[in-house]
Amino acid sequence: YIARSRDLVSWELGSRNPVLAPAGVEQINASDPDLVELPGPRVRLHYLTGNQRGEFAATWADFDGSLAELLGWYFTPAS
């Protein structure tokens, strides 16, 4: 899930959670996200998938836009 805070006391959950959810070949777990802003602008999300029994894979997904655009999307009303 993604949340934000201006004072680290009060928190607002994003309206488009979860950030990661396992699907298909990703088995039962999708975790440990890392975001990297690349030229373009483009953002690459690196994350792990697996089954909690020792089978896992590191994978990634790209977002065509800036990091500010990606994070802002999580706080716009979902339609």
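The values are calculated or read from the model by the stated rules, or taken from the named source; none is laboratory data. Just so it is clear, the structure is predicted and the values come from calculations on it, not from any experiment. Methodologically, a virtual Cβ is constructed for each residue, glycine included, from the backbone with ideal geometry; neighbour enumeration extends over all protein chains shown. All accessible areas refer to the heavy atoms of the entire protein, side chains included, with ligands and DNA or RNA removed. Shrake-Rupley method; radii C 1.70, N 1.55, O 1.52, S 1.80 Å.
The simple Förster model, with R0 at 30 Å and r as the Cβ-Cβ distance, assigns ASP7 and LEU35 a FRET efficiency of 0.85. Carbon-plus-sulfur accessible fraction, the chain (probe radius 1.4 Å, protein heavy atoms only): 56%.
Counted by Cβ distance under 13 Å from LEU35, the other residues give a net charge of -3, where Lys and Arg count +1 and Asp and Glu count -1. The stretch between GLU69 and SER15 holds 18.0 nm of extra length on full extension. This uses 0.36 nm per residue minus the Cα-Cα distance.
With every protein chain in place and a 1.4 angstrom probe, the accessible-area ranking of THR76, THR49, largest first, reads THR76, THR49.
Please report, in debye to the nearest 20, how large the charge dipole of the chain is about its Cα centre when each Lys and Arg carries +1 at its beta carbon and each Asp and Glu carries -1 there.
It works out to roughly 120 debye.
Keeping every protein chain present and rolling a 1.4 Å probe, give me the accessible area per residue for the chain in Å².
On the way: 5820 Å² over 79 residues.
So the chain comes to 74 Å² accessible per residue, rounded to a whole number.
Rounded if a/c is under 1.5, else prolate if a/b is larger than b/c, else oblate: which is region 1-71, with a ≥ b ≥ c the root eigenvalues of its Cα gyration tensor? Taking the square roots of the gyration eigenvalues as a ≥ b ≥ c, region 1-71 is oblate. Look at the alpha carbon pairs under 8 Å that are at least 6 residues apart: their mean separation over the length of the chain gives a relative contact order of 27 percent.
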